[in-house]
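Everything below concerns the one structure shown next.
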Amino acid sequence: MAEKKVILVVAHKGFQQVEYSVSKMLFEHSGILTTTASTCKDTPATDQDGAAIDVDLTIDEIIVENYNAIIFIGGPGALKDLDNEKSYSIIQKASAAKVLLGAICITPRILAKAGVLTNKRATSWNNDNEAAAFFKTYDVNYKASDIIVDKTNNSTIVTAVGPNATREFAEHIISLLDDSLQ
C-alpha cells in the first residue's frame with residue numbers, strides 16, 4: 001500500500017489547537033505522514049492560547065501533488081493569515097489535481113472564496129450567524145451540520161463546524177484516504 005500523506009495548514013498566530021492536535025494524532029496513529037504548513041516556518045506557530053508548534057513548510061513550499069489531502073485548520077487567526085491568494089492557489093491546485101480537501105471551523109469560508117465549493121454542499125463555524133448568507137454569495141449550499149462530505153465532479157471536500165467535530169472530521173478523512181488508495 002502506498003504511503004498516505006496529508007498536510008495541515010494552520011494560521012501562524014491563532015490556530016485552533018484541538019482541531020490541529022486531534023487531527024494530527026488520529027492521522028499519525030493511522031500511519032499517515034502528517035506535515036504542518038503555515039505562512040512562516042522561521043518561528044513556531046502559536047495557537048489561540050499561545051502554545052507553540054513547529055512548522056515544516058511555508059504555504060509557498062507546498063507541492064500539492066505530493067499529498068493525498070490538504071487540510072485547513074481553523075481558529076481566530078485563520079482568516080487573517082490564510083484568507084489570501086496564496087491559499088486560494090493551493091486550494092485550486094488541489095481541487096484540479098483531485099487531492100482531497102478538508103476545512104474545519106472558519107476555513108470552509110476560505111475554500112468558498114477560492115471557488116472550489118461552488119455548487120457544492122458545505123458546513124462551517126457559524127457563531128456569527130453569517131455562514132448561510134456568506135456561502136450563498138459564493139453559490140455554496142450551506143448545511144447546518146457537524147460534518148459534510150461532498151463528492152461531486154470527481155473531487156472530495158470534507159467540511160466541519162469546529163473543535164467538537166474534529167474527531168469525526170479526521171476519521172472521515174482517514175476513511176476516504178483508505179478507500180482511495182485501495
Here are a few candidate values for percent of Cα pairs over 24 Å apart: (1) 50; (2) 27; (3) 32. Which one was actually calculated from the structure I just gave you? (2)
Long-range amide H contacts for Gly75: which residues qualify at under 5 Å (H placed 1.01 Å from N, peptide plane, sequence gap of 5 or more or a different chain)? Gln16, Ile106, Thr107
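What is the antiparallel percent of DSSP beta bridges lying wholly in the chain, to the nearest 5? Present the calculation step by step, with values, prior to reporting the outcome.
Values: 8 of 31 bridges.
Around 25 percent antiparallel, to the nearest 5.
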Can you tell me, using C-alpha contacts under 8 Å and at least 6 residues apart, the relative contact order of the chain as a whole percent? 22
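Which residues make up the longest stretch of the chain clear of GluC sites (Glu not before Pro) that lie in a DSSP loop with no more than 15 other Cβ atoms within 10 Å, not counting the sites?
4-129
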From fewest to most C-beta neighbours within 10 Å, the residues Ser38, Ser89, Ser95 line up as Ser89, Ser95, Ser38
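Every number here is computed from the coordinates shown, using simple stated rules; none is lab data. Quantities reported herein were computed from a predicted structural model and do not represent experimental measurements. When we count neighbours, we look across all protein chains shown, and the Cβ atoms used for this are built from the backbone with ideal geometry, even at glycine.
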